[in-house]
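The values are calculated or read from the model by the stated rules, or taken from the named source; none is laboratory data. None of the values given here were measured: they were computed from a predicted structure. Virtual Cβ from ideal backbone geometry, glycine too; neighbours counted across all protein chains shown.
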Amino acid sequence: MLEIKNLHANAGDTPIIKGIDLNIGAGEVHAIMGPNGSGKSTLSNVLAGRPGYSVTRGEVLYAGQNLLDMPTEIRAREGVFLAFQYPVEIPGVGNSYFLKTSVNAVRTHRGEDELDAMDFLSICEEKMKLVEMPSDLMSRSINEGFSGGEKKRNEILQMLLLEPKLCILDETDSGLDIDALRVVAEGVNAMRSPDRAMLVITHYQRLLDYIVPDRVHVLSGGQIVRSGGKELAGELEAKGYGWIGNPE
Amino acid sequence: MKGAGKTSLAETWIHAFPAFAETVNDAPWQRALREEALACFSELGLPHTKLEAWRSTPLGVLERLMPPAPSGRVPDPESLLATGRAALAQHPLPEAIGSRGVFVDGHYCPALSSFESEASRLQFLPFSESAKSDQAISTRPPGFGELASPKQDAFTALNTAFAQGGGLLEIAPNHFEQKPIHLMFIASGSGELVCPRLLVRAGEGSRATVVMDFLSGAEESNHGKGLVNELSEIFVEENATLECIVIEREGIEGLHIGNLQTHQKRDSRLHLHTFSLGGGLVRNELGARLADTGAEVHMRGLYLGSGNQHMDNHTLVDHAMPHTTSRQIYKGVLGENARGVFRGLVHVRPDAQKIDSSQSNMNLLLSDKARIDTRPQLEIHADDVKCSHGSTIGKLDEEALFYLRSRGLSEPDARALLTEGFVAEICDALEGDSLRSFAQALVMDALASCIGNSAGAPE
Ligand SMILES: Nc1ncnc2c1ncn2[C@@H]1O[C@H](COP(=O)(O)OP(=O)(O)O)[C@@H](O)[C@H]1O
Ligand SMILES: [Mg+2]
């Protein structure tokens, strides 16, 4: 599903990603762990096509296609979804109108009919239950004045609605209490399926108790310094990031 | 064009005045005021960019277009009716209109107007000419000329000298007018100077909504050519609540110099909304005088410009008494070569304690060539006050743009949505569903041309 080959990338003018190779097959869940500043968000931003980041070497294939050539919205419509570490507040734009527009943009791209207001509402209500999202958040502006937990639920709600093929979750767990963490994890687990790949980025092992990964990679200094099974997360938790060493 | 010896626009108007005054069908009280006002205008001349208040307003366009003074004749009712009717059929109007008044080039058009109210709780009284009915006012109505003096402002002088067909809108004490009163000022596109004049009195304890809607005639080719120099004086009496909505949606050749002055008594509330959506050059002079304790004014404005449009808002809030409140939010979206000016002055007089005032001006520039000149100002002569002010100029938030695109929205859709989000709070503040959706539709239309024309503009 996702093949990252010798990826080097800059944030602004600063080289941050320094040679990453990673393959995630359909149905697999991979976790990336690593200390703050190791380049986790940079990697997810590069995959989503955020302006301000540039790839200097290497390539990324998504379902066999060159991902880096696609504009952000085409990546989204083709099924790449990034749950933001810091979801953006957008005053004046209604959350529910935004979600409907987004779902229909993706549906149209897939050759499906647009959902009308009624259909959208009923689908949306069902998914909102799953992430235990209060209904008044739909009539508010996007993320405006949402608590940290509400913003993350809104991200997962979007993921549930858009039904992407590649889900990238950038520290969706950070700042969440244990209840919110459980809800978010349940949302993610509900999305696990044989034709869907997931990349779960986290700083703590905690999330991986709920979302059990197939593979765990440790990112440090812009490189993957270790890869292993799910037990690697436990090791990291016990020993901290100190022992992994720095690639340079 | 002509070199030295060219007659200036001001001179043209001054020369045209005697014939106008002969022709116009006046009550004596108005005639006397006209003469005085013309003397003031001759003294003042037209403003120019060397005057601080007019520094950023390109009035040179007036000298180029030379809009002639009105003749003073009242057009025959048939042609007024035809022009008015066509314009009404052409332009979208709100679903729920209560009373309405239609003015064509300032001339009151009784056949298209209706003020429905039991026992004259709501009345429109023409100043003189048009209605030869017994309703016309025979003496100078109290308040006329009290809030805007021809001695200080050339356009006030000009309006007072050449006004035709205006009138007094009177809301009786304790009357609650449910539906909006819609006043439509139609510019026929004659190219002339037109001076609409209005006096509004919201009686003690009354509640009403007044829409002042400026639009152009119906024909495809009608771009509202001419100069509309309107002046409104609005008195809000004790404990009254008035919502006043000014909509400027003239054609692209229209020049609009508006002056709206308000005076509020004790515990009154005024909501003043200005939507500047059309016209080539628009200038709004807005003055709010909080003349007694407990008075509250909420001013909101939105200006949307594209092409070579120029839009000015000059506000002055005068906190003349303690315990008064003012809120101002002005927002602008400017694309292409559009220009905007915001000058806001909040004045707190000595001994006017316990003032609560805020003022903000936010601007979104959609192109590198668009410009806004913004200067919110405070002048405080009392110490126990709560005042805030500020202004911003910016482009669309790149983070927000990326967020929307990462959810599948195309870049143009994302830009449009963010721009709509930026202006949303101004429309949302309108009371009443019918009026709100009417304003929203007009704003969306104007925004679409701002955004559309600026699409692909360099970052
Ligand atoms: N736009 C940018 N310009 C320059 N440096 C950046 C930019 N964004 C992030 N960085 C730097 O890149 C490094 C990695 O950041 P990030 O990818 O956010 O790390 P993580 O998500 O692992 O905490 C940090 O040192 C950060 O300061
Ligand atoms: Mg990060």
On the basis of being in contact with a Gly (Cβ under 9 Å, 6 or more places away or on another chain), more than 16 Å from ligand 2 (Cβ to nearest atom) and in contact (Cβ under 8 Å) with a residue 40 or more places away in the chain, does A:LYS127 make the cut? no
Is it the case that the stretch B:431-445 has a residue that's modelled with pLDDT of 95 or more, touching a strand residue (DSSP E or B) at 6+ places or on another chain (Cβ under 9 Å) and either charged (D, E, K, R) or not in a helix (DSSP H, G or I) (or both)? no
Inside the stretch A:101-130, can you point out the residues that are within 12 Å of chain B (Cβ to nearest Cβ), surrounded by fewer than 16 Cβ atoms within 10 Å (Cβ to Cβ) and either under 22 Å from the mean Cα position of the chain (by Cα) or under 26 Å from A:GLU186 (Cβ atoms) (or both)? A:HIS109, A:ARG110
Being under 23 Å from B:LEU193 (Cβ atoms) and buried (at least 17 other Cβ atoms within 10 Å of the Cβ) narrows it down to one of B:PRO58, B:PRO67, B:PRO110, so name that one. B:PRO67
A:MET70 vs (1) more than 9 Å from ligand 1 (Cβ to nearest atom); (2) of a type outside the set (Phe, Trp, Tyr); (3) farther than 17 Å from A:ILE224 by Cβ; (4) away from chain B (no Cβ under 14 Å): all pass except (4)
Residues satisfying the stated conditions in the stretch A:189-205, i.e. away from ligand 2 (no atom under 16 Å from the Cβ) and modelled with pLDDT under 90: A:GLN205
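With A:TYR86, A:TYR53 as the choices, which residue is within 16 Å of ligand 1 (Cβ to nearest atom) and at pLDDT below 95? First the steps, then the outcome.
Details: A:TYR53 fails: at pLDDT below 95.
When all the criteria are applied, what remains is A:TYR86.
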Suppose the filter is free of Cβ contacts under 8 Å to residues at least 40 places away in the same chain and either closer than 24 Å to B:HIS310 by Cα or assigned to a strand (DSSP E or B) (or both); does B:ARG64 pass it? yes
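Scan A:LEU162, A:LEU157, A:LEU169 and give me the residue that is buried (at least 20 other Cβ atoms within 10 Å of the Cβ) and within 16 Å of ligand 1 (Cβ to nearest atom).
A:LEU169
Condition (residue is touching a residue at least 40 places away in the same chain (Cβ under 8 Å), within 30 Å of A:GLU237 (Cβ to Cβ) and within 16 Å of ligand 2 (Cβ to nearest atom)) applied to the stretch A:88-111: is it met by at least one residue? Lay out the reasoning, then the answer.
Just the residues of the stretch A:88-111 that are touching a residue at least 40 places away in the same chain (Cβ under 8 Å), to begin with: A:88-96, A:98-99, A:102-103, A:106.
Filter once more, keeping what is within 30 Å of A:GLU237 (Cβ to Cβ): none.
No: the stretch A:88-111 contains no residue that is touching a residue at least 40 places away in the same chain (Cβ under 8 Å), within 30 Å of A:GLU237 (Cβ to Cβ) and within 16 Å of ligand 2 (Cβ to nearest atom).
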Within the group B:ARG300, B:ARG266, which residue is at pLDDT 95 or above and out of contact with any strand residue (DSSP E or B) (no Cβ under 9 Å at 6 or more places or on another chain)? B:ARG266
In the stretch A:162-188, what residues are touching a helix residue (DSSP H, G or I) at 6+ places or on another chain (Cβ under 8 Å), within 16 Å of ligand 2 (Cβ to nearest atom) and more than 17 Å from A:GLU78 (Cβ to Cβ)? A:LEU169, A:ASP170, A:GLU171, A:THR172, A:ASP173, A:GLY175, A:LEU176
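Is it true that some residue in the stretch A:146-154 is without any contact (Cβ under 8 Å) to a residue 12 or more places away in the chain and closer than 27 Å to A:VAL88 by Cβ? It would help to see each step written out before you state the result.
Of all residues in the stretch A:146-154, those without any contact (Cβ under 8 Å) to a residue 12 or more places away in the chain come to A:147.
Cutting the leftovers down to closer than 27 Å to A:VAL88 by Cβ gives us A:147.
Taking every residue of the stretch A:146-154 in turn, at least one turns out to be without any contact (Cβ under 8 Å) to a residue 12 or more places away in the chain and closer than 27 Å to A:VAL88 by Cβ.
Quick check: anything in the stretch A:178-197 closer than 16 Å to A:LEU47 by Cβ and either more than 14 Å from every other protein chain (Cβ to nearest Cβ) or more than 16 Å from ligand 1 (Cβ to nearest atom) (or both)?
Just the residues of the stretch A:178-197 that are closer than 16 Å to A:LEU47 by Cβ, to begin with: A:196-197.
Okay, now just the ones that are also either more than 14 Å from every other protein chain (Cβ to nearest Cβ) or more than 16 Å from ligand 1 (Cβ to nearest atom) (or both), so A:196-197.
Looking for residues that are closer than 16 Å to A:LEU47 by Cβ and either more than 14 Å from every other protein chain (Cβ to nearest Cβ) or more than 16 Å from ligand 1 (Cβ to nearest atom) (or both), one finds at least one in the stretch A:178-197, hence yes.
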Selected residue (criterion: farthest from B:SER358 (Cα to Cα)) from residues of the stretch B:389-427 that are assigned to a loop (DSSP other than H, G, I, E, B) and at the interface with chain A (Cβ under 7 Å from one of its Cβ atoms): B:GLY408
Among the residues of the stretch A:12-56, what is the count of those that are within 16 Å of ligand 2 (Cβ to nearest atom), part of a strand (DSSP E or B) and more than 14 Å from chain B (Cβ to nearest Cβ)? 7
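Give the residues of the stretch A:1-11 that are part of a strand (DSSP E or B) and more than 16 Å from ligand 1 (Cβ to nearest atom), sorted by residue number. Don't jump to the end; show me each part of the working.
First, pick out the residues of the stretch A:1-11 that are part of a strand (DSSP E or B): A:2-11.
Selection gives A:LEU2, A:GLU3, A:LYS5, A:ASN6.
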Considering the stretch B:116-151, residues that are modelled with pLDDT of 90 or more and of a type in the set (Phe, Trp, Tyr), and then whichever is nearest to the chain's Cα centre (by Cα), we arrive at B:PHE144
Per-region count, the stretch B:177-204, residues over 18 Å from B:PHE214 (Cα atoms) and either hydroxyl-bearing (Ser, Thr, Tyr) or modelled with pLDDT of 95 or more (or both): 4
Can you report the number of residues in the stretch B:95-107 which are touching a helix residue (DSSP H, G or I) at 6+ places or on another chain (Cβ under 9 Å) and surrounded by fewer than 20 Cβ atoms within 10 Å (Cβ to Cβ)? 3
For the stretch A:32-51, pairs from a residue that is touching a residue at least 60 places away in the same chain (Cβ under 8 Å) to a residue that is assigned to a helix (DSSP H, G or I) and near ligand 2 (Cβ under 9 Å from one of its atoms), with Cβ under 7 Å and 6 or more apart or across chains, are A:ILE32/A:LYS40; A:GLY34/A:LYS40
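Among the residues of the stretch A:73-100, count how many are within 9 Å of chain B (Cβ to nearest Cβ) and more than 20 Å from the chain's Cα centre (by Cα).
Residues in the stretch A:73-100 being within 9 Å of chain B (Cβ to nearest Cβ) and more than 20 Å from the chain's Cα centre (by Cα): 5 in total.
Search the stretch B:262-301 for residues being of a type in the set (Val, Ile, Thr) and under 15 Å from the mean Cα position of the chain (by Cα), and hand back the single one that is surrounded by the fewest Cβ atoms within 10 Å (Cβ to Cβ). Give the derivation first.
Restricting attention to the stretch B:262-301, the residues satisfying the condition of being of a type in the set (Val, Ile, Thr) are B:262, B:274, B:282, B:293, B:297.
After this cut, where a residue has to be under 15 Å from the mean Cα position of the chain (by Cα) as well, the list is B:262, B:274, B:282.
Working: B:THR262: 28, B:THR274: 24, B:VAL282: 27.
Among those residues, the one meeting the criterion is B:THR274.
Quick test for you: out of A:LEU161, A:LEU199, A:LEU208, pick the one residue that is farther than 19 Å from A:ASN36 by Cβ and of a type in the set (A, V, I, L, M).
On the way: A:LEU199 fails: farther than 19 Å from A:ASN36 by Cβ; A:LEU208 fails: farther than 19 Å from A:ASN36 by Cβ.
Going through A:LEU161, A:LEU199, A:LEU208 in turn, just one is farther than 19 Å from A:ASN36 by Cβ and of a type in the set (A, V, I, L, M): A:LEU161.
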Would you mention how many residues in the stretch B:185-228 are farther than 22 Å from B:ALA157 by Cα, of a type in the set (A, V, I, L, M, F, W, C) and touching a Lys or Arg at 6+ places or on another chain (Cβ under 7 Å)? 1
